[in-house]
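A.B. asks: Sharing a structure with you now.
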Amino acid sequence: MKQIYYYLLLFTFALTACQAPDGDIYILYDNDVHCAIDGYEKMAALKADYLHQSIYVNVVSCGDFVQGNKVGSISKGRYPVAIMNAVPYDYVTLGNHEFDYGIPQMKKLMWWLRAKCVCCNVDYEPTGKPLYPAYDIRTYGTTDVAFVGVATPTTLTTSVPTNFQNEKGEILYNFHRDDLMEVVQKAVNAARADGADYVVVLSHLGDNTPEVSSMDLIANTTGIDVVLDGHAHHLFNMKVTNAVGDSVIVASTGHDFSSIGRLLITKEGQLSNELIDMASYEGTHSRLHTRIASVMKRVNAKTDRYVGFAQMPLVDSDADGNRLVRLGETNLGDFVADAMRVVSKSDIGIANAGGLRASLKAGNITYGDVLQVLPFNNTLYKIEVSGQRLIDALEIGVAAYPKENGDLLHVSGIRYSFDPSIPSSIHLDVEGFCDSIGDSRRVQTVEIERNGEWLPIHPDSMYTVGGQSYNLVFDGSSGMFRNTQLVDDIEHISDVDVVIRYMGLLGDTIRVSQYGKSQERIRIL
């Protein structure tokens, strides 16, 4: 009898909810969480808070949630998805790092995820069919809101490029780099034709991406009310005008749950947006807290092994959290590049800035700490390249300066200088790979160390380079190391184990005398 009464209550509640009068709509959102799963407790707590104010509360993500630290790397994205399901989320779009474990794993993760994945600009080329629906419409009483997803076209080069190719190297996936505005506009128009009163874009474009940004998207489209943005890791909340002068809200929450966004659509039809600082939000959620603690116990059991000691921090960012590693030299970049060179026994070591995801703290270092720095499951390779190919790769890395660039190369065994006042002459093809460099070059000098002397790199000479598979085999650095001569795959050793092996060669201690200050390997003229 009690069971019948329970189900009757549930039915009555559901019927009441379906017939509820229009109310305020709350859309909570994040971007670029990168496996910072502690933040999901606060997202769940915030959701519970707003459910006291309205029955219309949804949670969405603008991408990059399954990769970025040891939680994702250990589980290939399964642990973050499990925690998101416990919140639960309602909609997500694809960040470039959702593809890092390969297309088959990405599809599994999206299937496991309770949220609907929307993305208007990723097609499978052989069939021309989209991977996921361009949009979905959620009905709140008599109000319909469309959620349109947009992935960055740079995914082809900012994830692992070979994930999108067949065995012949042909690109199998179209991210609509050249006609993105038309593709998004088509999706928006279709959503409006389907009855959407409001259109909210879940964007993983970034506000300052050189190729195409969220600001470009708004300026060249109509019919969008709100763009919730990700990819650039920036924190902003503003209004900008679209192609016909209408005002559009555009916002981004930063990264790693530094804040959570709250979009409000009132029952009177007013739109407003707020960024809620998570450092000052004190909400808790016991069920999520327990679930997260259980996941972290499993992760830490695999990652708490001691591997070395650092006499000082090795940094990717400054004390205020501003990322440095994509703008110039840091001791972390020097250290990782040294590890690549020494362990591979190469002339030169390189490490791309986009692959360095966290600082190493001073004191005892665990396997998990190193995995936080290098979470992308790369392996060590050794190739042979011409001096000119190396110079070109360095040129690509400084092309965006003073903006951040994940292609910036931290180096070992060489040093280089560049002049940012010279306009970049890099030209990228439709897939985002470099197809030419003009006469205007920023890189001014490149020197290699030989027996304690610094000598100019010779464009026609051949040099061995040790580095990660992303750069040397999987077409990272905008494809500059394509079709080079492979010398060795170094036992298929992971980049994490490369760093640990290098620390062993240093006597398990990273010393101030070697890495306490800049070694002037990257000089800005």
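A.B. asks: What do you reckon, is Tyr135 in contact (Cβ under 8 Å) with a residue 12 or more places away in the chain, open to solvent by 10 Å² or more (accessible area, probe 1.4 Å) and touching a Cys at 6+ places or on another chain (Cβ under 9 Å)?
C.D. replies: Yes; evaluated as a whole, the condition is true for this residue.
A.B. asks: Given the structure, is Val373 farther than 25 Å from Val443 by Cβ, surrounded by 22 or more Cβ atoms within 10 Å (Cβ to Cβ) and of a type in the set (Val, Ile, Thr)? It would help to see each step written out before you state the result.
C.D. replies: Numbers: farther than 25 Å from Val443 by Cβ: yes; surrounded by 22 or more Cβ atoms within 10 Å (Cβ to Cβ): yes; of a type in the set (Val, Ile, Thr): yes.
It is true that Val373 is farther than 25 Å from Val443 by Cβ, surrounded by 22 or more Cβ atoms within 10 Å (Cβ to Cβ) and of a type in the set (Val, Ile, Thr).
A.B. asks: On to the next question. Could you tell me whether any residue of region 174-187 is buried (at least 16 other Cβ atoms within 10 Å of the Cβ), more than 26 Å from Glu404 (Cα to Cα) and out of contact with any Ser or Thr (no Cβ under 8 Å at 6 or more places or on another chain)?
C.D. replies: Yes, region 174-187 contains a residue that is buried (at least 16 other Cβ atoms within 10 Å of the Cβ), more than 26 Å from Glu404 (Cα to Cα) and out of contact with any Ser or Thr (no Cβ under 8 Å at 6 or more places or on another chain).
A.B. asks: A further question follows. If you take the residues in region 44-64 that are among the hydrophobic types (A, V, I, L, M, F, W, C) and assigned to a loop (DSSP other than H, G, I, E, B), which one is farthest from the chain's Cα centre (by Cα)?
C.D. replies: Going through the qualifying residues, I end up with Ile55.
A.B. asks: I'd like the full set of residues that are within 17 Å of Cys117 (Cβ to Cβ) and at pLDDT 95 or above, limited to region 33-71.
C.D. replies: Val33, Asn58, Val59, Val60, Ser61, Cys62, Gly63, Asp64, Phe65, Val66
A.B. asks: Restricting attention to region 421-446, which residues are charged (D, E, K, R), open to solvent by 40 Å² or more (accessible area, probe 1.4 Å) and in contact (Cβ under 8 Å) with a residue 12 or more places away in the chain?
C.D. replies: Glu431, Asp439, Arg441
Residue by residue, here is whether (1) touching a strand residue (DSSP E or B) at 6+ places or on another chain (Cβ under 8 Å); (2) under 28 Å from Ile137 (Cβ atoms) holds:
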| residue | (1), (2) |
| --- | --- |
| Ile25 | yes, yes |
| Ile37 | no, no |
| His52 | no, yes |
| Ile55 | no, yes |
| Ser61 | yes, yes |
| Val66 | no, yes |
| Ser73 | no, no |
| Arg78 | no, no |
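A.B. asks: Next question, about the same structure. Looking at this structure, is Tyr89 surrounded by 19 or more Cβ atoms within 10 Å (Cβ to Cβ), hydroxyl-bearing (Ser, Thr, Tyr) and within 20 Å of Gly354 (Cβ to Cβ)?
C.D. replies: Answer is no for this residue.
A.B. asks: Condition first: under 15 Å from Asp369 (Cα atoms), part of a strand (DSSP E or B) and not β-branched (Val, Ile, Thr). Now tell me which residues in region 483-525 satisfy that.
C.D. replies: Selection gives Ser494 alone.
A.B. asks: Considering only residues that are open to solvent by 10 Å² or more (accessible area, probe 1.4 Å), in contact with a Ser or Thr (Cβ under 9 Å, 6 or more places away or on another chain) and over 18 Å from Asp338 (Cα atoms), which ones fall in region 355-368?
C.D. replies: Thr366, Tyr367
A.B. asks: Assuming Tyr101 fulfils every condition listed in (1) surrounded by fewer than 17 Cβ atoms within 10 Å (Cβ to Cβ); (2) part of a loop (DSSP other than H, G, I, E, B); (3) of a type outside the set (A, V, I, L, M, F, W, C) apart from one, which condition is it?
C.D. replies: Among (1) surrounded by fewer than 17 Cβ atoms within 10 Å (Cβ to Cβ); (2) part of a loop (DSSP other than H, G, I, E, B); (3) of a type outside the set (A, V, I, L, M, F, W, C), the lone unmet condition for Tyr101 is (1).
A.B. asks: Let me ask something additional. Quick one: in region 43-81, of everything that is buried (at least 20 other Cβ atoms within 10 Å of the Cβ) and basic (Lys, Arg), which residue is farthest from Val496 (Cα to Cα)?
C.D. replies: Among them, the one singled out is Lys47.
A.B. asks: Can you tell me which residue within region 125-173, out of those that are touching a helix residue (DSSP H, G or I) at 6+ places or on another chain (Cβ under 6 Å) and small (Gly, Ala, Ser), is farthest from Asn405 (Cα to Cα)?
C.D. replies: Ala146
A.B. asks: Open to solvent by 10 Å² or more (accessible area, probe 1.4 Å), assigned to a strand (DSSP E or B) and within 21 Å of Glu329 (Cβ to Cβ) - does that describe any residue in region 412-419?
C.D. replies: Initially, region 412-419 is screened for residues open to solvent by 10 Å² or more (accessible area, probe 1.4 Å), giving 413, 415, 419.
Cutting the leftovers down to assigned to a strand (DSSP E or B) gives us 415.
Adding the requirement that they be within 21 Å of Glu329 (Cβ to Cβ) leaves 415.
Looking for residues that are open to solvent by 10 Å² or more (accessible area, probe 1.4 Å), assigned to a strand (DSSP E or B) and within 21 Å of Glu329 (Cβ to Cβ), one finds at least one in region 412-419, hence yes.
The values are calculated or read from the model by the stated rules, or taken from the named source; none is laboratory data. What you are looking at is a predicted structure, and each value in this text was computed from that prediction instead of being measured. No Cβ is skipped: glycine too gets one built from the backbone with ideal geometry, and neighbour counts run over all protein chains shown. To get the accessible areas, we keep the full protein, side chains included, count just its heavy atoms, and leave off ligands, DNA and RNA. Shrake-Rupley method; radii C 1.70, N 1.55, O 1.52, S 1.80 Å.
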